[in-house]
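One structure below.
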Amino acid sequence: MHKEYRRYLLKKEVSGILEDLKTKFSTSDIFFTKIKLCKEIRYEHTDHTYQKIIQSGAQHAQSVTFKRIGKKKYHQKKRDKRGILLHLYIYLIKIDDCTMHLEAYDRKLKGLCLLTVPDNCFSYTEAHTVQNSFIGKFIEADVSDDPRYEQKYLALFGNPTKHPYNIYAIFKDLEQKRLRDPHEIIFKEMKSADAVRIYLYERYLTLHEYAKEVQSAKPAHNEKTIEKFRDEVQRTVAIIKSYEEIFDEQQYRKILLHMMTLLSITKTHADLMLIASKITKLNKKLHSPYIDEMLQNIREKTAHEAHKISNYFGSREFQIISSQLQRFIREKNNSYTNYESQLPFGYSAKIKVSGKHGELLQTINFLDGCNDEKSYEKLQTAFEELIEFVNIFVQQIDSDAYVPLLKKTKEIHKLLAKHTQQDKYLLIVKMLLNHMNEKEHPKEMAYLHKKKKRLLRKKRKFDQNIFKYLEKFKDMTF
């Protein structure tokens, strides 16, 4: 992406020479009333001038309009500001034919200094002159492609350097369990790609741990661990899909295929576990030898599946998948370098949660009036993903609107989950009715017919009420 300037972060020591600079150009106060990825509205007070500036368009094709306004209008708009007021001193520094701006921020951003160098300073001779000048020795890093140093994100999230970190040291802390929860180390001004990598690495380590547990235990004791492993894979997929734009496309597709393989390997076991739990619940009332025998057969199949999964976790294929997932997260390659990946995590987290909320509303509208089980499962998954995202990103969200939204989301998800369980229960009851003989098992058949009627009655009641809850949910904002 072509820029008309380069931006450099200066070392803190530069503050020692600011008073000696005789080129102080102006004092500026800036605030923003609108901050979007491709649009911003800011107000500036520089010396005796007040102006409104609207900037829109993608990075490579921006349009900017300036409008002079009065002091009264400026102060009226200040009430609607997003984030903090930026107070800074602007110095002009001229070296040969190169004129640069040094921005020294004050108040809440005190100590942050940025040097803006225009395009005409980038011939070999000019660049060499800048690097070897009195100001060059204070250059700490080139942050031209790091949006966290754009003024709109400084207003929202503050100084990106206030929490210095080394992502590989964080990975090491996670590996050695010195850090158990990613929330302890992730902060709003961190690069989005780094925050996502930390979350994913914690997921990778958890998956690795569960796989080892499954291999070391007997199949009969693996049921819950395999279930946890599958849930963790699904959460990992949700995060990777939501941040698709920060990954290398080829690597992204390969890892998703690997994750789908892991879900496929564990699916039969998950289905058998569900059937066994429902039949066990039924037989607590019936005490039927016939159902006992059926249940024993299902448990044997479940144990067989657990044994297969345990063997798979020790296979060369799983080792390759595990190794590639680790490299996908740890190594940069072609990922984690685009504009979206450099955005402050606090900003992208809110966008992702808002996006999930929007996707959920679209799903509700699309499935309006659909009362088939596939539609209910889609709704349940959509609610589940929103809950997961709010829980992951809760510390990055400033809005209090998520509290009632999360409460209502959990309520409806609970209703949908309960209905899904009852529907699967109904399928099992129907299956038993089809397999059993009325003459041989009269007591069991009578109970199952009653159970079927009760479940069908609950289903009808659910069908009548669920869309009333969904209509109320659509009125909630985030």
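Residue-wise test of (1) hydrophobic (A, V, I, L, M, F, W, C); (2) in contact (Cβ under 8 Å) with a residue 40 or more places away in the chain.
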| residue | (1), (2) |
| --- | --- |
| Leu200 | yes, yes |
| Thr206 | no, no |
| Glu213 | no, no |
| Arg230 | no, yes |
| Ile240 | yes, yes |
| Arg253 | no, no |
| Leu257 | yes, no |
| Lys267 | no, no |
| Leu272 | yes, no |
Completion exercise
Residue count, the range 222-269, condition polar (S, T, N, Q) and within 15 Å of Leu325 (Cα to Cα), comes to 5
Handout entry: Matching residues in the range 236-259 - criterion: being surrounded by 19 or more Cβ atoms within 10 Å (Cβ to Cβ), assigned to a helix (DSSP H, G or I), at pLDDT below 90 and of a type outside the set (A, V, I, L, M)
Key = Ser242
Exercise for the section: Filter the range 110-147 down to residues that are among the polar types (S, T, N, Q), more than 23 Å from Leu86 (Cα to Cα) and surrounded by 13 or more Cβ atoms within 10 Å (Cβ to Cβ) and give me whichever is modelled with the highest pLDDT. Expected result: Ser133
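Does any residue of the range 290-312 turn out to be part of a loop (DSSP other than H, G, I, E, B) and among the hydroxyl-bearing types (Ser, Thr, Tyr)?
Restricting attention to the range 290-312, the residues satisfying the condition of being part of a loop (DSSP other than H, G, I, E, B) are none.
Within the range 290-312 (the criterion being part of a loop (DSSP other than H, G, I, E, B) and among the hydroxyl-bearing types (Ser, Thr, Tyr)), the answer is no, since none of the residues qualifies.
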Problem - Test for Asp372: is it charged (D, E, K, R), surrounded by 15 or more Cβ atoms within 10 Å (Cβ to Cβ), assigned by TED's automatic domain parsing to the domain that holds Lys452 and without any contact (Cβ under 8 Å) to a residue 60 or more places away in the chain - result: no
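Taking the stated definitions as given, is Glu384 assigned to a helix (DSSP H, G or I) and surrounded by 14 or more Cβ atoms within 10 Å (Cβ to Cβ)? Spell out how you get there, then give the answer.
On the way: assigned to a helix (DSSP H, G or I): yes; surrounded by 14 or more Cβ atoms within 10 Å (Cβ to Cβ): yes.
The answer is yes for Glu384.
Going by the conditions given, is Tyr165 assigned to a helix (DSSP H, G or I), farther than 23 Å from Glu19 by Cβ and either modelled with pLDDT of 85 or more or in the same structural domain as Ile198 (by TED's automatic domain parsing) (or both)? Step through it out loud before you land on a result.
Numbers: assigned to a helix (DSSP H, G or I): no; farther than 23 Å from Glu19 by Cβ: yes; either modelled with pLDDT of 85 or more or in the same structural domain as Ile198 (by TED's automatic domain parsing) (or both): yes.
No, not satisfied.
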Exercise for the section: Please specify each residue of the range 436-447 satisfying the condition of being touching a residue at least 12 places away in the same chain (Cβ under 8 Å), of a type outside the set (A, V, I, L, M) and part of a helix (DSSP H, G or I). Expected result: Lys443, Glu444, Tyr447
Practice task
Considering only the range 202-230, state which residues are of a type in the set (A, V, I, L, M, F, W, C) and in a helix (DSSP H, G or I).
Solution key: Leu205, Leu207, Ala211, Val214, Ala220, Ile226, Phe229
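Within the range 361-377, take every residue that is farther than 22 Å from Leu456 by Cβ and in contact with a Leu (Cβ under 9 Å, 6 or more places away or on another chain) and give me the one that is modelled with the lowest pLDDT.
Let us first name the residues in the range 361-377 that are farther than 22 Å from Leu456 by Cβ, namely 361-366, 368.
The next check asks that each one be in contact with a Leu (Cβ under 9 Å, 6 or more places away or on another chain); those that pass are 363-364, 368.
Values: Thr363: 89, Ile364: 88, Asp368: 81.
By that ranking, first place goes to Asp368.
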Problem - Test: residue in the range 282-303 that is under 16 Å from Thr225 (Cβ atoms), of a type in the set (A, V, I, L, M) and out of contact with any Pro (no Cβ under 6 Å at 6 or more places or on another chain) - result: no
Exercise for the section: For the range 457-478, indicate whether the set of residues that are more than 22 Å from the chain's Cα centre (by Cα), of a type in the set (A, V, I, L, M) and assigned to a helix (DSSP H, G or I) is non-empty. Expected result: yes
Practice task
Tally the residues that are surrounded by 13 or more Cβ atoms within 10 Å (Cβ to Cβ) and either outside the structural domain of Gly358 (by TED's automatic domain parsing) or under 23 Å from Tyr376 (Cβ atoms) (or both), restricting the search to the range 434-453.
Solution key: 2
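The values are calculated or read from the model by the stated rules, or taken from the named source; none is laboratory data. This is a predicted model, so every value here is computed, not measured. Positions of Cβ are backbone-derived with ideal geometry, glycine not excepted, and every protein chain shown enters the neighbour counts.
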